[in-house]
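Everything below concerns the one structure shown next.
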Amino acid sequence: MDRAQRSVVMCASVIGHRFDVALLVAAVACTEEEVRLALDRACTLDLIVTDQPGQQQYSFRHALTRDVIYAELITARTRQLHRRIARALERITASDAVPIEDLAYHSWAAGDVRRGLRYNELAGDRAAGVHAKDDARTYYGRARGLSQVDSHAYARLTEKLTALGEAESGAGR
């Protein structure tokens, strides 16, 4: 694979085990045709698979393949890609169908304090609302990890974690 194709596949690894072509195109600095050529090459090399050629959904053949490709990215590059993915999700997603959990994860992984705090708290509220306490702890802990210790946000998130029964273990997850 050439450098541009590797870059496309690396960005796909940041999106996750399964990824959508439209999101990948929005996140990389390539045309859809260039992205599809890179995906075809990755399929030929058995790195990724799709149910049918020309489909919108792809996945990495093995979780370890994705993990190895993802690990090749340095932290700064990974954060930049997560930021681009989060912003692409904001742009391409209808407001009534926003994938809060995806926005929460990618904003947090990007180190985007404002978005990461907002989306992780919203995802935590959603999880707490359906009694998914472990998920709520994870989201609240991520949000709190992005907050200043002496801020109102930190205090509010600590209260939410306390209400879940575990104030301290949610930090930094």
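To keep it simple, each residue is scored yes or no on (1) crowded, with 19+ Cβ neighbours inside 10 Å; (2) outside the structural domain of Asp102 (by TED's automatic domain parsing); (3) of a type in the set (Val, Ile, Thr).
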position: Val8; (1), (2), (3): yes, yes, yes
position: Ala12; (1), (2), (3): yes, yes, no
position: Gly16; (1), (2), (3): no, yes, no
position: Val21; (1), (2), (3): no, yes, yes
position: Ala26; (1), (2), (3): no, yes, no
position: Ala29; (1), (2), (3): no, yes, no
position: Glu32; (1), (2), (3): no, yes, no
position: Val35; (1), (2), (3): yes, yes, yes
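Hey, can you tell me all the residues within segment 12-41 that are in a helix (DSSP H, G or I) and within 11 Å of the chain's Cα centre (by Cα)?
Hits for segment 12-41 are Ala12, Ser13, Val14, Ile15.
Please go through (1) among the basic types (Lys, Arg); (2) touching a residue at least 24 places away in the same chain (Cβ under 8 Å); (3) within 25 Å of Arg115 (Cβ to Cβ); (4) surrounded by 14 or more Cβ atoms within 10 Å (Cβ to Cβ) for Arg41 and return the number of the only condition it doesn't satisfy.
If we test Arg41 against (1) among the basic types (Lys, Arg); (2) touching a residue at least 24 places away in the same chain (Cβ under 8 Å); (3) within 25 Å of Arg115 (Cβ to Cβ); (4) surrounded by 14 or more Cβ atoms within 10 Å (Cβ to Cβ), just (3) comes out false.
For segment 82-103, which positions are over 24 Å from Ser7 (Cβ atoms) and touching a Lys or Arg at 6+ places or on another chain (Cβ under 7 Å)?
The one that is over 24 Å from Ser7 (Cβ atoms) and touching a Lys or Arg at 6+ places or on another chain (Cβ under 7 Å): Ile100.
Go through segment 44-92 residue by residue and tally those that are of a type in the set (Gly, Ala, Ser) and within 14 Å of the chain's Cα centre (by Cα).
2
With respect to the numbered conditions (1) under 20 Å from Leu89 (Cα atoms); (2) touching a helix residue (DSSP H, G or I) at 6+ places or on another chain (Cβ under 8 Å), which one is the sole condition not fulfilled by Arg66?
Looking at each condition in turn, Arg66 falls short on (1).
Answer yes or no: is there a residue in segment 10-30 that is farther than 22 Å from Thr93 by Cα and at pLDDT below 95.
Yes, that holds for at least one residue.
Of the numbered conditions (1) surrounded by fewer than 21 Cβ atoms within 10 Å (Cβ to Cβ); (2) closer than 29 Å to Thr138 by Cβ; (3) charged (D, E, K, R), Arg66 satisfies every one except a single condition; which is it?
(1)
Of the numbered conditions (1) at positive phi; (2) at pLDDT below 90; (3) not charged (D, E, K, R), Gly111 satisfies every one except a single condition; which is it?
(2)
The values are calculated or read from the model by the stated rules, or taken from the named source; none is laboratory data. Everything numeric here is computed off the predicted structure, so don't read it as measured data. Because the Cβ atoms are built from the backbone with ideal geometry, glycine has one as well, and the counts that use them run over all protein chains shown.
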